[in-house]
Amino acid sequence: MSGAHFAFTDRWGGVSAAPYEELNLGGAVGDAPEAVRGNRELAAKSLGLDPDLVVWMNQVHGADVAVVDEPWGEGPVPDADAVVTARRGLALAVLTADCVPVLLADPVAKVVAAAHAGRPGMVKGVVPAAVRAMVGLGAEPGRIVARTGPAVCGRCYEVPEAMRAEVAAVEPAAHAETSWGTPAVDVCAGVHAQLDRLGVCDRARTPVCTLESKDHFSYRRDRTTGRLAGYVWLD
């Protein structure tokens, strides 16, 4: 898309053993570090990316945004739930296993962002924070293209009634009900409502629910499991 690229992984094609099989890309879930490194290399190369030019985050369910123009190198990976760059060839990655992976690009300004929007991050405004950081680098909301990947859907994300009310007080679009009639939260709907209010109109979401799909990792379903990744980058 005018030099901007988006990609989401499933769980297959990697080297991790059960219960992380196969393409676990998360480095903090108990999997063997060498397996994670191998999987990250496999995933990057399958997308035509240099594994050393993929920027990861230490995700903490917050709303902090890191603006980067080079890989982290050998040092510690900063705590952040969104990362933004204007450097072409640098790929941004977000890890999920039920939370919403949000990929954003302004192909004209050549600015991209990746955000990790779980329920806490959506409530705290991590996606609007990422858009603001993009605007600070020259992006315009009306030009931003947004793609959200596999995540637990509102029909499956059961929560206590008090939690649903708390979330809906901040983002009414996230109010949902499970397919069996109990209170639920639709994080993806909340994210898209936030983007719409910001003027981001070119949006699309995958129909995949991670809890329902055996081809994707789901923390709510399996607890001990791997992590999927979403990638965004510019030519």
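Brief remarks on what is shown
- Long-range neighbours under 9 Å by Cβ, at least six apart or interchain, first residue buried (at least 24 other Cβ atoms within 10 Å of the Cβ) within segment 145-156, second of a type in the set (Lys, Arg): 146/203; 146/205; 148/203; 148/205; 149/205; 151/205; 152/220; 152/221
- Of the residues making up segment 214-226, those that are surrounded by 13 or more Cβ atoms within 10 Å (Cβ to Cβ) and assigned to a loop (DSSP other than H, G, I, E, B) are 216, 217, 218, 225, 226.
- Consider segment 158-187 and keep the residues that are surrounded by 13 or more Cβ atoms within 10 Å (Cβ to Cβ) and among the small types (Gly, Ala, Ser). The one that is nearest to the chain's Cα centre (by Cα) is 174.
This table checks each residue for (1) on the phi > 0 side of the Ramachandran plot; (2) of a type in the set (D, E, K, R); (3) within 20 Å of the chain's Cα centre (by Cα); (4) part of a loop (DSSP other than H, G, I, E, B).
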residue	(1), (2), (3), (4)
139	no, no, yes, yes
156	no, no, yes, yes
189	no, no, yes, no
194	no, no, yes, no
207	no, no, yes, yes
212	no, yes, yes, yes
231	no, no, yes, no
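- Against the test of being assigned to a loop (DSSP other than H, G, I, E, B) and surrounded by fewer than 18 Cβ atoms within 10 Å (Cβ to Cβ), the options 67, 29, 108 yield a single qualifying residue, 108.
Any read-out appearing in this document is the output of simple, stated calculations on the displayed coordinates, not a laboratory observation. Computed from a predicted model, the values in this text were never measured in an experiment. Glycine also receives a Cβ, built like all others from the backbone with ideal geometry; neighbour counts cover every protein chain displayed.
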